[in-house]
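Okay, structure first, notes after.
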There are 2 protein chains.
Amino acid sequence: MNHEPMSNPSEDDGAQVLEADLKSLEAELAAQKDVYLRLAADFDNFRKRTAQEIERRAAAQKDAFIRELLPIIDNLERALSANSSSPEQLREGVQMTLQQLHQLLRRHGIEPEESRGQPFDPHRQEAVSTRHDPSEPDHAVLETFQRGYRRGNEVIRPAKVVVNNLSHAR
Amino acid sequence: MNHEPMSNPSEDDGAQVLEADLKSLEAELAAQKDVYLRLAADFDNFRKRTAQEIERRAAAQKDAFIRELLPIIDNLERALSANSSSPEQLREGVQMTLQQLHQLLRRHGIEPEESRGQPFDPHRQEAVSTRHDPSEPDHAVLETFQRGYRRGNEVIRPAKVVVNNLSHAR
């Protein structure tokens, strides 16, 4: 240590303590800035990887579904290409394909809805028209134009239905 | 400012400057720690949201594909349910459904491969057996058991083929 000749030792010590504090604070601040910058860089990388990961995972899940669909398309092609097959055989082949399509949807949690005879439910059904049928309850679904599909309580596609309307005689 | 009676004014000023520096450094360090903690909290939230977001987006993309598949299933059901239709009408209806399935795949970037007559390519084809056909080039694909599908250069499903083998006469 380099004591200046005229300085009061206690004050000089005080100044040295202060300067040491200052140095250690500066070092701490530099370290703190450093961890901040490293965290910011990590965050940035994570964000970039995430954007790619979201695309990759979404495509992978869709492609997995498509890979399950391909054998069903094969079967439909086979049913058609068997030119020597009888109309009954074609019909059977197509029926089987249709069952496989419904099994595929079911494996992915999607079930068709049975709407006919149910009370009309605007959350699951879209009324494309009404009819007057006194033999059925008011607001009952009389006919399904397009089948509805759902996963649990989530509507994947609403059914398109004809609804009974007894309030206005036609 | 509170000057102590016995202190040398210039040294006292020096100490005060040091203490002021210390105070401002301490404030800066506290602020720096604060932005670090906020960034860490943001990062943490982002990570949590991301995990959910990946699942949500993946499911959404698959469901969008399934929604496009449903009208094709409707058409296949319609073709079958038209009991009065002739075998030719059923065949036409099924053929149309098949075209729609291929259009759906194409919209999602997936094309069937034409393997017949091509030179065997182990990256895109799986040889399920070989045959000896002197009228065709060696290693040519003689027959396709299962059609291959690709998206650009990515193989979605390899074709299963019979390959010509002229090196061993049978």
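Nothing in this text is a laboratory measurement; each read-out follows from the coordinates by a stated rule. Here the structure is a predicted model, which means the values were calculated and not measured. Here Cβ is always computed from backbone atoms with ideal geometry, including for glycine, and neighbour counts include all displayed protein chains.
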Point to revise | Selected residue [without any contact (Cβ under 8 Å) to a residue 24 or more places away in the chain and farther than 18 Å from B:Ile73 by Cβ] from A:Glu92, A:Glu88 | key: A:Glu88
Review point. Given the structure, is B:Arg38 touching a helix residue (DSSP H, G or I) at 6+ places or on another chain (Cβ under 9 Å), of a type in the set (Lys, Arg) and either buried (at least 17 other Cβ atoms within 10 Å of the Cβ) or in a helix (DSSP H, G or I) (or both)?
Key: no
Check your understanding: Any residue in segment A:143-152 that is surrounded by fewer than 13 Cβ atoms within 10 Å (Cβ to Cβ) and over 17 Å from B:Pro71 (Cα atoms)?
Key -> yes
**Study point:** Every residue from segment A:49-67 that is within 7 Å of another protein chain (Cβ to nearest Cβ) and over 13 Å from B:His108 (Cβ atoms)
**Key:** A:Thr50, A:Glu53, A:Ile54, A:Arg57
Review point. Any idea which of B:Leu76, B:Leu104, B:Leu70, B:Leu80 is surrounded by 14 or more Cβ atoms within 10 Å (Cβ to Cβ), more than 7 Å from every other protein chain (Cβ to nearest Cβ) and within 19 Å of A:Leu101 (Cα to Cα)?
Key: B:Leu104
